[in-house]
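As structure tokens, the structure follows; a few thoughts come after it.
Where a number appears in this text, it was derived from the coordinates with a stated rule and is not lab data. These numbers come from a predicted model, not from an experiment. Reconstructed Cβ throughout: ideal geometry from the backbone, glycine too, with neighbour counts over all protein chains shown.
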Amino acid sequence: MKELITVLLLYIASNTSYSIDYPLPQVKEMDIIMSEIIFPDYEGFYDYNKNIIYLRKELDLKDPWAQAILLHELVHYIQDMNNIYFECTAEMEKEAWPLQQKYLKEQYGIIWNYDKLWYIVISNCGQY
């Protein structure tokens with residue numbers, strides 16, 4: 001796991017201007033309350049208060065999509081560590097989704113054509 005996190009952080013550093021000179025974050029499995037009640041539609045999330053990335057236990061990190069989810073959450077960790085200011089947490093998605101898409105294409109040849117309208121809606125603070 002540490003090797004994968006390191007590789008993904010290096011990918012983030014090579015595709016953004018963020019420093020990655022921080023300790024590796026903890027990555028834990030979501031417990032049943034998180035996965036079924038609090039975040040039933042999430043495959044992963046970053047807890048800003050604890051600096052922990054949570055992933056669904058079903059995710060196989062050998063799978064490209066699971067790696068892209070981890071990369072996405074690592075983007076949020078690095079944004080947090082770099083003290084980037086956002087009007088709202090939704091704005092953090094503006095960088096995470098496109099980098100996740102780029103990673104899938106460059107590393108695995110997978111084309112992820114997410115819904116651009118949905119992306120605009122979920123990555124803004126209610127201002128369009």
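For the reader, a short list of remarks on this structure follows.
- Extension gain for the segment Lys62 to Lys105, taken as residue separation times 0.36 nm less the Cα-Cα distance, is 13.9 nm to one decimal.
- In summary, the lysines within cross-link reach of Lys57, defined as a Cα separation below 24 angstrom excluding same-chain residues under 8 places away, comprise Lys2, Lys28.
- Between Ile38 and Tyr85, the modelled labels are 2.9 nm apart [label points 7 Å from Cα along Cα→Cβ].
- Of all DSSP beta bridges in the chain, antiparallel share, percent nearest 5: 50
- Option label - semi-axes √(5λ) of the Cα gyration tensor in Å computed here, alternatives (i) 44, 20, 15; (ii) 32, 15, 10; (iii) 19, 18, 17: (iii)
- Residues considered: Gln100, Gln26, Gln67. Largest GNM mean-square fluctuation over the chain, using C-alpha springs under 10 Å, is found at Gln26.
- R0 of 30 Å, Cβ-Cβ distance Leu24-Leu117: FRET efficiency to nearest 0.05: 0.25
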